[in-house]
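Asker: Take a look at the following structure, please.
What follows is calculated from the coordinates using simple rules that are stated; it is not laboratory data. Please read all numbers here as calculations on a predicted model, not as lab measurements. We place every Cβ from the backbone using ideal geometry, glycine too, and count neighbours over all the protein chains shown.
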Amino acid sequence: MKHITLACLVLITVLSCKNDTTKQEITEPKKQTIMEPTNKEKAIALLVSLETGDQTPVAYINPTNYVQHNLGVADGLEGFGAVLQNAPEGGFKANVVRAYEDGNYVFSHTIYDFFGPKIGFDIFRFEEGKIVEHWDNLIDIKAANPSGHTQTDGPTQATDLDKTATNKELVSDFVNTILVKGEMDKIGNYFTGDTYTQHNPDIADGLSGLGQALEGMAKQGITMVYTKTHKVLGEGNFVLTVSEGTFADAPTSFYDLFRVEDGKIVEHWDVMETIAPEATHQNNNGKFNF
């Protein structure tokens, strides 16, 4: 009987320990690991916060080292705060249509209501997970172009991620050869026939649409001149170029987004912004200076 009793006590003790472990597991759930947002997610959150008023994404900006290249906004975090404080009645609107990441850079394409309906490209540079620099180009929203395309519709998902470098090289060569140097006899090297989707609000699809637009501008004495490409960024089949030049003799910043397919350019979005006179600049960082 003593052996039986001892065995029972051991069994009761073991069961009791199991029950205690079970209770502990129930009452003390495992801690979940919180994933740090990607740089792309941080940039999107900051843009969306212009509309929502969420203060959390402001923490993604480096508080002591934030270089602003929007010439109408003061430098540093204080300049960003001043924009928020001066929001018009009803606030801002920001719908990020596409966003891509290239190394320490994130670039996005956004529909804004920012002191009026606008389309914008934004570029953010990150260091150690914080935004330390920002560039942008803005233009008023216009009606659909002669081919029925808006300034932002079309594909958004990046593909062919393994071809990023090759696609950047193709687009960079196109901008420098055709737009900067004007070697129009080589334009066929970058397109397949006349199949080219255009989102510029004033130009129809295809190389024929581009030719007609350039001819029409020439008749009005309007010239579009690219003098220098400052930056080329890409993710997969989407490549953004930032260039400097003139449009109708006014200093202009050109942001051109291209979609590449099978080694050819198949789609194009752009924002051309006249560079404001130096006397109106709110910072001394320049429109480019990458």
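Asker: Could you grab the relative contact order for the chain? Cα pairs under 8 Å, six or more apart, rounded to a whole percent.
Answerer: Computed value for the chain: 17 percent relative contact order.
Asker: Can you count the Lys pairs in the range 161-279 with C-alpha separation below 26 Å, eight or more apart or on different chains?
Answerer: Going through the range 161-279 pair by pair, I get 21.
Asker: Then there's this: Using θ = phi - 60° and the Karplus curve 6.51 cos²θ - 1.76 cosθ + 1.60, what whole-Hz ³J(HN,Hα) does each residue of the range 254-261 get, with Gly and Pro shown as x?
Answerer: Once rounded to whole Hz, the list reads 10, 10, 10, 10, 10, 10, 10, 9.
Asker: How big is the range 161-279 on each of its three principal axes, counting only the C-alpha atoms and giving the largest first in Å?
Answerer: 44, 33, 24
Asker: Among Ser253, Asn62, Gly216, whose Cα sits farthest toward the positive end of the charge dipole of the chain (+1 at Cβ of Lys/Arg, -1 at Cβ of Asp/Glu, about the Cα centre)?
Answerer: Checking the options against the dipole of the chain, the answer is Asn62.
Asker: Let me ask something additional. Of all beta bridges DSSP finds with both residues in the range 161-279, what is the antiparallel percent, to the nearest 5?
Answerer: Here the share of antiparallel DSSP bridges comes out near 95 percent.
Asker: Mark the label point 7 Å from the Cα of Asn65 along Cα→Cβ and return the residues of the range 92-133 whose backbone N is within less than 19 Å of it.
Answerer: 103-106, 124-133
Asker: If eta is 0.890 mPa s and T is 25 °C, what Stokes-Einstein diffusion coefficient results for the chain, Kirkwood Rh from Cα pairs, in µm²/s?
Answerer: Once the numbers are plugged in, D ends up at 112 µm²/s.
Asker: Given H placed 1.01 Å from N in the peptide plane, which residues other than close sequence neighbours of Lys118 have an amide H under 5 Å from its amide H?
Answerer: Counting only residues 5 or more places away or on other chains, the set is Tyr112, Asp113, Ile141.
Asker: Then there's this: Enumerate the whole-percent occupancy of each 5 Å bin, from 0 to the last occupied one, for all C-alpha pair distances of the range 39-142.
Answerer: With 5 Å bins starting at 0, P(r) equals 2, 13, 24, 29, 22, 8, 2, 0.
Asker: Now for a different question. Using a simple spin-label model with points 7 Å from Cα along the Cα→Cβ vector, what separation in nm is obtained for Lys228 and Glu261?
Answerer: 3.6 nm
Asker: I've got another one for you. Within the chain, which DSSP H helices have Cα atoms that stretch 18 Å or more along the helix axis and a mean Kyte-Doolittle hydropathy of at least 1.0?
Answerer: TM-like helix candidates: nothing returned.
Asker: With r defined as the distance between the Cβ atoms of Met217 and Phe115 and R0 fixed at 25 Å, what FRET efficiency is calculated, to the nearest 0.05?
Answerer: 0.35
Asker: Let me ask something else. Taking the Cα centroid of the range 247-262 and of the range 65-93, what is the distance between the two, rounded to the nearest whole Å?
Answerer: Computed from Cα coordinates, the inter-centre distance equals 25 Å.
Asker: Right, here's the next one. Loop-only chymotrypsin sites (Phe, Trp or Tyr not before Pro) in the range 56-150, please: DSSP not H, G, I, E or B, and at most 14 other Cβ atoms within 10 Å.
Answerer: Phe115
Asker: Just to be sure I follow the definition: excluding the sites themselves, where is the longest run in the chain that has none of the trypsin sites (Lys or Arg not before Pro) in a DSSP loop with at most 10 other Cβ atoms within 10 Å?
Answerer: 32-290
Asker: A follow-up question, please. Net charge near His149: determine it from the other residues with C-beta under 10 Å of the C-beta of His149, scoring Lys and Arg +1 and Asp and Glu -1.
Answerer: Net of charged neighbours comes to -3.
Asker: Output the antiparallel fraction of DSSP beta bridges having both residues in the range 39-142, as a percent to the nearest 5.
Answerer: DSSP beta bridges in the range 39-142 are roughly 90 percent antiparallel.
Asker: Note down the magnitude of the dipole of the chain about its Cα centre, charges +1 on Lys and Arg C-beta and -1 on Asp and Glu C-beta and zero elsewhere, to the nearest 20 debye.
Answerer: It works out to roughly 1020 debye.
Asker: Charges at C-beta only: +1 for Lys and Arg, -1 for Asp and Glu. How large is the resulting dipole of the range 26-86 about its Cα centre, in Debye rounded to 20?
Answerer: 220 debye
Asker: How many percent of all Cα-Cα pairs in the range 72-211 sit more than 23 Å apart?
Answerer: Roughly 50 percent, rounded to a whole number.
Asker: In the chain, once you exclude exposed GluC sites (Glu not before Pro) (DSSP loop, at most 13 other Cβ within 10 angstrom), what's the longest stretch remaining?
Answerer: Here the longest segment lacking exposed loop sites spans 184-290.
Asker: To continue, here is another question. Return the distance in nm (one decimal) between the two label points of a simple spin-label model at Asn86 and Thr38, each offset 7 Å from Cα along Cα→Cβ.
Answerer: 3.5 nm
Asker: While we're looking at this one, here's another question. Decide, for the range 191-246, between rounded, prolate and oblate: order the square roots of the alpha carbon gyration tensor eigenvalues as a ≥ b ≥ c, take rounded if a/c falls under 1.5, and otherwise choose prolate if a/b is larger than b/c, else oblate.
Answerer: oblate
Asker: What is the distance, in nm, between label points placed 7 Å from the Cα along the Cα-to-Cβ direction at Asp54 and at Thr192?
Answerer: 3.9 nm
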